[in-house]
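Only one structure is covered here, and it is reproduced in the block below.
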Amino acid sequence: MTPDEAAVYVNLQTVQDYLSEREKAFLVLVDEAGTEITLPSRMPLFCFRRARTDPGCKDCYRDCLAPGLKSGAAEWGRICAHGLEHIVVRTSFGGAKGAESGESRFFLIAGRCADKNIAELTRVTAAFYRLPLLLGRTDPEESAEDERLAAGAYDLTARELAVLRHMARGLGNKDIAALLYVSPNTIKTHINHILAKMGAKNRTEASLLALQNGLTVDP
(Lines give C-alpha, C1' and ligand atoms only; values in the text may rest on other atoms or scores of the structure.)
Protein backbone atom coordinates (compact mmCIF):
# COMPACT_ATOMS: atom_id res chain seq x y z
CA MET A 1 0.00 0.00 0.00
CA THR A 2 1.39 3.37 -1.01
CA PRO A 3 1.37 6.37 1.37
CA ASP A 4 -1.36 8.00 -0.76
CA GLU A 5 -3.53 4.88 -0.61
CA ALA A 6 -2.96 4.61 3.13
CA ALA A 7 -4.06 8.22 3.58
CA VAL A 8 -7.28 7.49 1.67
CA TYR A 9 -8.06 4.53 3.92
CA VAL A 10 -7.34 6.45 7.12
CA ASN A 11 -9.41 9.46 6.03
CA LEU A 12 -12.23 7.18 4.91
CA GLN A 13 -12.12 5.48 8.31
CA THR A 14 -12.45 8.85 10.01
CA VAL A 15 -15.52 9.72 7.92
CA GLN A 16 -16.96 6.27 8.55
CA ASP A 17 -16.53 6.68 12.31
CA TYR A 18 -18.25 10.09 12.16
CA LEU A 19 -21.19 8.70 10.21
CA SER A 20 -21.38 5.78 12.62
CA GLU A 21 -21.74 8.15 15.56
CA ARG A 22 -24.23 10.33 13.68
CA GLU A 23 -26.41 7.54 12.34
CA LYS A 24 -26.21 5.20 15.36
CA ALA A 25 -25.35 2.29 13.09
CA PHE A 26 -22.30 0.15 12.45
CA LEU A 27 -20.68 0.71 9.05
CA VAL A 28 -18.13 -1.46 7.27
CA LEU A 29 -16.82 -1.31 3.70
CA VAL A 30 -16.22 -4.70 2.04
CA ASP A 31 -15.18 -5.97 -1.37
CA GLU A 32 -17.19 -8.37 -3.55
CA ALA A 33 -15.80 -11.35 -1.63
CA GLY A 34 -16.98 -9.93 1.71
CA THR A 35 -13.45 -8.99 2.84
CA GLU A 36 -13.29 -5.93 5.07
CA ILE A 37 -11.69 -2.81 3.58
CA THR A 38 -12.14 -0.53 6.57
CA LEU A 39 -12.41 -1.37 10.24
CA PRO A 40 -15.96 -2.02 11.47
CA SER A 41 -17.44 0.85 13.46
CA ARG A 42 -19.63 0.09 16.47
CA MET A 43 -19.98 -3.53 15.35
CA PRO A 44 -22.08 -5.32 17.98
CA LEU A 45 -19.95 -7.55 20.20
CA PHE A 46 -22.74 -10.09 19.77
CA CYS A 47 -21.55 -10.60 16.17
CA PHE A 48 -17.95 -11.21 17.21
CA ARG A 49 -18.95 -13.73 19.85
CA ARG A 50 -21.34 -15.62 17.57
CA ALA A 51 -18.77 -15.74 14.75
CA ARG A 52 -16.51 -17.89 16.96
CA THR A 53 -19.02 -20.77 16.91
CA ASP A 54 -21.55 -19.99 14.16
CA PRO A 55 -20.29 -20.42 10.57
CA GLY A 56 -23.29 -18.42 9.38
CA CYS A 57 -22.14 -15.39 11.36
CA LYS A 58 -18.62 -15.77 10.08
CA ASP A 59 -19.89 -15.59 6.49
CA CYS A 60 -22.41 -12.85 7.26
CA TYR A 61 -20.85 -10.20 4.99
CA ARG A 62 -20.83 -12.61 2.08
CA ASP A 63 -24.46 -13.53 2.72
CA CYS A 64 -25.38 -9.83 2.88
CA LEU A 65 -23.85 -9.28 -0.56
CA ALA A 66 -25.42 -12.27 -2.30
CA PRO A 67 -28.85 -10.81 -3.26
CA GLY A 68 -27.43 -7.63 -4.76
CA LEU A 69 -24.58 -9.34 -6.59
CA LYS A 70 -27.14 -11.47 -8.40
CA SER A 71 -29.66 -8.72 -9.14
CA GLY A 72 -27.34 -5.75 -9.63
CA ALA A 73 -29.43 -3.68 -7.20
CA ALA A 74 -28.06 -0.36 -5.96
CA GLU A 75 -29.32 -0.91 -2.40
CA TRP A 76 -30.93 -3.81 -0.55
CA GLY A 77 -31.65 -5.11 2.93
CA ARG A 78 -31.24 -8.32 4.88
CA ILE A 79 -32.17 -9.58 8.34
CA CYS A 80 -29.80 -12.21 9.70
CA ALA A 81 -30.84 -15.41 11.48
CA HIS A 82 -30.43 -13.65 14.83
CA GLY A 83 -32.70 -10.74 13.92
CA LEU A 84 -30.05 -8.08 13.23
CA GLU A 85 -31.06 -5.87 10.31
CA HIS A 86 -28.55 -4.85 7.61
CA ILE A 87 -28.68 -2.54 4.62
CA VAL A 88 -26.16 -2.88 1.77
CA VAL A 89 -25.24 0.02 -0.53
CA ARG A 90 -23.40 -0.50 -3.81
CA THR A 91 -20.68 2.19 -3.73
CA SER A 92 -18.78 3.88 -6.52
CA PHE A 93 -15.47 3.00 -4.89
CA GLY A 94 -13.35 0.69 -6.98
CA GLY A 95 -9.90 -0.37 -8.09
CA ALA A 96 -8.46 -0.02 -11.56
CA LYS A 97 -10.63 -2.80 -13.06
CA GLY A 98 -13.78 -1.37 -11.53
CA ALA A 99 -12.97 2.11 -12.85
CA GLU A 100 -12.45 0.78 -16.37
CA SER A 101 -15.63 -1.31 -16.43
CA GLY A 102 -17.81 1.17 -14.58
CA GLU A 103 -18.71 -1.52 -12.04
CA SER A 104 -18.35 -1.05 -8.30
CA ARG A 105 -16.17 -3.53 -6.46
CA PHE A 106 -16.90 -2.23 -2.97
CA PHE A 107 -20.02 -2.26 -0.84
CA LEU A 108 -21.10 -0.51 2.35
CA ILE A 109 -22.80 -2.78 4.89
CA ALA A 110 -24.62 -0.94 7.65
CA GLY A 111 -26.31 -2.54 10.63
CA ARG A 112 -28.75 -1.60 13.31
CA CYS A 113 -27.83 -0.48 16.80
CA ALA A 114 -30.40 -0.95 19.56
CA ASP A 115 -31.62 2.65 19.65
CA LYS A 116 -32.22 3.27 15.95
CA ASN A 117 -33.60 1.27 13.03
CA ILE A 118 -31.17 0.98 10.14
CA ALA A 119 -33.96 1.99 7.73
CA GLU A 120 -33.37 5.51 9.02
CA LEU A 121 -29.92 5.58 7.43
CA THR A 122 -30.06 8.90 5.58
CA ARG A 123 -29.71 9.45 1.86
CA VAL A 124 -26.72 11.67 2.61
CA THR A 125 -24.83 8.71 4.08
CA ALA A 126 -25.60 6.48 1.11
CA ALA A 127 -24.79 9.30 -1.32
CA PHE A 128 -21.32 9.74 0.16
CA TYR A 129 -20.47 6.11 -0.53
CA ARG A 130 -21.61 6.52 -4.10
CA LEU A 131 -19.08 9.26 -4.82
CA PRO A 132 -16.33 8.15 -7.23
CA LEU A 133 -13.18 7.19 -5.36
CA LEU A 134 -10.37 4.90 -6.50
CA LEU A 135 -9.13 2.43 -3.91
CA GLY A 136 -6.25 0.06 -4.53
CA ARG A 137 -6.17 -3.55 -3.37
CA THR A 138 -3.05 -5.69 -3.27
CA ASP A 139 -3.15 -9.44 -3.73
CA PRO A 140 -3.22 -11.65 -0.58
CA GLU A 141 0.49 -12.57 -0.77
CA GLU A 142 1.52 -8.92 -1.01
CA SER A 143 -0.83 -7.99 1.84
CA ALA A 144 0.63 -10.72 4.06
CA GLU A 145 4.16 -9.52 3.31
CA ASP A 146 3.19 -5.89 4.04
CA GLU A 147 1.66 -7.01 7.33
CA ARG A 148 4.79 -8.95 8.29
CA LEU A 149 7.04 -5.98 7.54
CA ALA A 150 4.78 -3.55 9.41
CA ALA A 151 4.68 -5.76 12.51
CA GLY A 152 8.47 -6.06 12.35
CA ALA A 153 8.91 -2.31 11.98
CA TYR A 154 7.05 -1.73 15.24
CA ASP A 155 8.82 -4.69 16.87
CA LEU A 156 5.47 -6.17 17.93
CA THR A 157 5.42 -9.66 19.36
CA ALA A 158 2.91 -12.20 18.03
CA ARG A 159 0.73 -11.71 21.12
CA GLU A 160 0.90 -7.91 20.86
CA LEU A 161 -0.14 -8.15 17.22
CA ALA A 162 -3.11 -10.33 18.19
CA VAL A 163 -4.15 -7.81 20.86
CA LEU A 164 -3.77 -4.93 18.40
CA ARG A 165 -5.99 -6.65 15.85
CA HIS A 166 -8.78 -7.20 18.37
CA MET A 167 -8.34 -3.68 19.76
CA ALA A 168 -8.61 -2.23 16.25
CA ARG A 169 -11.96 -4.00 15.91
CA GLY A 170 -13.30 -2.07 18.86
CA LEU A 171 -13.16 -4.82 21.48
CA GLY A 172 -12.61 -3.86 25.11
CA ASN A 173 -9.98 -5.34 27.41
CA LYS A 174 -12.34 -7.89 28.97
CA ASP A 175 -13.47 -9.22 25.59
CA ILE A 176 -9.91 -9.43 24.28
CA ALA A 177 -8.86 -11.20 27.47
CA ALA A 178 -11.66 -13.75 27.03
CA LEU A 179 -10.64 -14.41 23.42
CA LEU A 180 -6.96 -14.87 24.32
CA TYR A 181 -7.57 -16.67 27.64
CA VAL A 182 -5.63 -14.21 29.77
CA SER A 183 -6.55 -11.65 32.41
CA PRO A 184 -7.72 -8.09 31.59
CA ASN A 185 -4.67 -6.77 33.44
CA THR A 186 -2.42 -8.72 31.07
CA ILE A 187 -4.23 -7.18 28.10
CA LYS A 188 -3.82 -3.72 29.64
CA THR A 189 -0.07 -4.33 29.90
CA HIS A 190 0.10 -5.49 26.27
CA ILE A 191 -1.78 -2.38 25.14
CA ASN A 192 0.60 -0.11 27.03
CA HIS A 193 3.52 -1.82 25.27
CA ILE A 194 1.75 -1.53 21.88
CA LEU A 195 1.12 2.20 22.32
CA ALA A 196 4.71 2.79 23.34
CA LYS A 197 6.16 0.81 20.42
CA MET A 198 3.85 2.43 17.87
CA GLY A 199 4.23 5.93 19.30
CA ALA A 200 0.45 6.16 19.54
CA LYS A 201 -1.34 8.40 22.02
CA ASN A 202 -4.38 6.18 22.42
CA ARG A 203 -6.21 3.09 21.16
CA THR A 204 -7.85 4.94 18.28
CA GLU A 205 -4.55 6.22 16.94
CA ALA A 206 -3.01 2.74 17.24
CA SER A 207 -5.99 1.29 15.38
CA LEU A 208 -5.62 3.78 12.53
CA LEU A 209 -1.90 3.02 12.31
CA ALA A 210 -2.77 -0.67 12.13
CA LEU A 211 -5.13 0.04 9.23
CA GLN A 212 -2.60 2.27 7.51
CA ASN A 213 0.04 -0.46 7.68
CA GLY A 214 -2.15 -3.35 6.60
CA LEU A 215 -2.43 -4.94 10.05
CA THR A 216 -5.94 -6.27 9.47
CA VAL A 217 -7.57 -9.52 10.52
CA ASP A 218 -10.40 -11.79 9.37
CA PRO A 219 -13.60 -11.81 11.44
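The values are calculated or read from the model by the stated rules, or taken from the named source; none is laboratory data. A quick note: this is a predicted structure, and the numbers were derived from the prediction, not measured. Every residue, glycine as well, gets a Cβ built from its backbone with ideal geometry; the counts of neighbours run over all protein chains shown.
Of the residues making up the range 13-29, those that are among the hydroxyl-bearing types (Ser, Thr, Tyr) and either out of contact with any helix residue (DSSP H, G or I) (no Cβ under 9 Å at 6 or more places or on another chain) or within 15 Å of ALA127 (Cβ to Cβ) (or both) number 2. When THR204 is tested against (1) modelled with pLDDT under 85; (2) assigned to a helix (DSSP H, G or I); (3) crowded, with 19+ Cβ neighbours inside 10 Å, exactly one condition is not met: (3). Residue count for the range 129-160, restricted to those that are within 19 Å of THR38 (Cβ to Cβ) and modelled with pLDDT of 60 or more: 7. Across the range 38-71, the number of residues qualifying as of a type in the set (Val, Ile, Thr) and either surrounded by fewer than 18 Cβ atoms within 10 Å (Cβ to Cβ) or in contact with an Asp or Glu (Cβ under 6 Å, 6 or more places away or on another chain) (or both) comes to 1.
Of all residues in the range 58-86, those being more than 15 Å from ALA110 (Cα to Cα), of a type outside the set (A, V, I, L, M) and free of Cβ contacts under 8 Å to residues at least 40 places away in the same chain number 6.
Just one of the numbered conditions (1) in contact (Cβ under 8 Å) with a residue 60 or more places away in the chain; (2) under 19 Å from MET167 (Cα atoms) is not true of SER20: (1).
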